[in-house]
1. Going residue by residue through region 4-18, is there one that turns out to be closer than 18 Å to residue 126 by Cβ, of a type in the set (Val, Ile, Thr) and open to solvent by 70 Å² or more (accessible area, probe 1.4 Å)?
2. Go through region 67-82 and report how many residues are touching a strand residue (DSSP E or B) at 6+ places or on another chain (Cβ under 9 Å) and either open to solvent by 30 Å² or more (accessible area, probe 1.4 Å) or among the aliphatic types (A, V, I, L, M) (or both).
3. Based on what the data block shows, is residue 52 out of contact with any Asp or Glu (no Cβ under 6 Å at 6 or more places or on another chain) and in a loop (DSSP other than H, G, I, E, B)?
4. Working carefully through the options 65, 53, find the one that is modelled with pLDDT of 90 or more, touching a Cys at 6+ places or on another chain (Cβ under 9 Å) and either over 22 Å from residue 8 (Cα atoms) or β-branched (Val, Ile, Thr) (or both).
5. Condition check: at pLDDT below 95, under 30 Å from residue 131 (Cβ atoms) and surrounded by fewer than 17 Cβ atoms within 10 Å (Cβ to Cβ). Does residue 29 satisfy that?
6. Could you grab me the full set of residues in region 118-148 that are open to solvent by less than 50 Å² (accessible area, probe 1.4 Å) and either part of a loop (DSSP other than H, G, I, E, B) or basic (Lys, Arg) (or both)?
7. Being farther than 24 Å from residue 44 by Cβ, at pLDDT 95 or above, of a type outside the set (A, V, I, L, M) and outside any loop (DSSP other than H, G, I, E, B) is true for just one of 72, 82. Which residue is that?
8. Tell me the residue from 115, 86, 58 that is out of contact with any Leu (no Cβ under 6 Å at 6 or more places or on another chain), at positive phi, open to solvent by less than 30 Å² (accessible area, probe 1.4 Å) and not polar (S, T, N, Q), please.
Amino acid sequence: MARHLREELLDRAHAGTLTVRNDPQASPTAFPFKVARLPGTVSEPEVARGRRRVCDLGFLRTPVRSERGLVYRCAAEPVTAYVRKGGNAADAHGRQCLCNGLLATIGLAQRRPGGRVEPPLVTIGKDLSFLPRLSPDASPYTAADVVAWLAGGLGTTGVTPPV
């Protein structure tokens, strides 16, 4: 996760102000995701509305047969394209591009014409009770710290994992 997002998430989690909501519409696959509400991300309605719908990475496209042959569609692509490929416009309502959003979350946001940058989409579970034990002072931790903590050893944070 990009450092500024991770720091904002940790600060809010430790302050008790982090909101995570279950969004049954965010994923173009119709799988519900838990989305963290953070400034500058698509969790903010104005950011989501300001993002031009595009499906240019296509990791979650679904192959479907049409009169044109085999086509690939994604409920997060432009609605007219989705419908042209046999999709139902109602199924595209509220869908977010997870491909671009998650890449932006790790700091690999695509740059668009006119200086626009793809906004991040931060997904995380609702149970954050482990954070005070893993990072008592809201300091950064690494994936290696988490693995060591889960495995029962001490990570570089020096925090003892649950028994």
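The values are calculated or read from the model by the stated rules, or taken from the named source; none is laboratory data. Predicted model only: the values in this text are computed from it and were never measured. No Cβ is skipped: glycine too gets one built from the backbone with ideal geometry, and neighbour counts run over all protein chains shown. In case anyone asks, the SASA skips ligands and DNA or RNA and just uses the protein heavy atoms, side chains included. Shrake-Rupley method; radii C 1.70, N 1.55, O 1.52, S 1.80 Å.
1. In the first step, residues of region 4-18 are kept if they are closer than 18 Å to residue 126 by Cβ; the result is 5-6, 8-18.
From what's left, of a type in the set (Val, Ile, Thr): 17.
Filter once more, keeping what is open to solvent by 70 Å² or more (accessible area, probe 1.4 Å): 17.
Checked region 4-18: at least one residue is closer than 18 Å to residue 126 by Cβ, of a type in the set (Val, Ile, Thr) and open to solvent by 70 Å² or more (accessible area, probe 1.4 Å).
2. Within region 67-82, residues that are touching a strand residue (DSSP E or B) at 6+ places or on another chain (Cβ under 9 Å) and either open to solvent by 30 Å² or more (accessible area, probe 1.4 Å) or among the aliphatic types (A, V, I, L, M) (or both) number 6.
3. Working: out of contact with any Asp or Glu (no Cβ under 6 Å at 6 or more places or on another chain): yes; in a loop (DSSP other than H, G, I, E, B): yes.
It is true that residue 52 is out of contact with any Asp or Glu (no Cβ under 6 Å at 6 or more places or on another chain) and in a loop (DSSP other than H, G, I, E, B).
4. 53
5. The answer is yes for residue 29.
6. Of everything in region 118-148, those that are open to solvent by less than 50 Å² (accessible area, probe 1.4 Å) and either part of a loop (DSSP other than H, G, I, E, B) or basic (Lys, Arg) (or both) turn out to be 118, 119, 120, 121, 122, 124, 125, 128, 135, 138, 139.
7. Details: 82 fails: farther than 24 Å from residue 44 by Cβ.
Residue meeting the stated conditions: 72.
8. It is 58.
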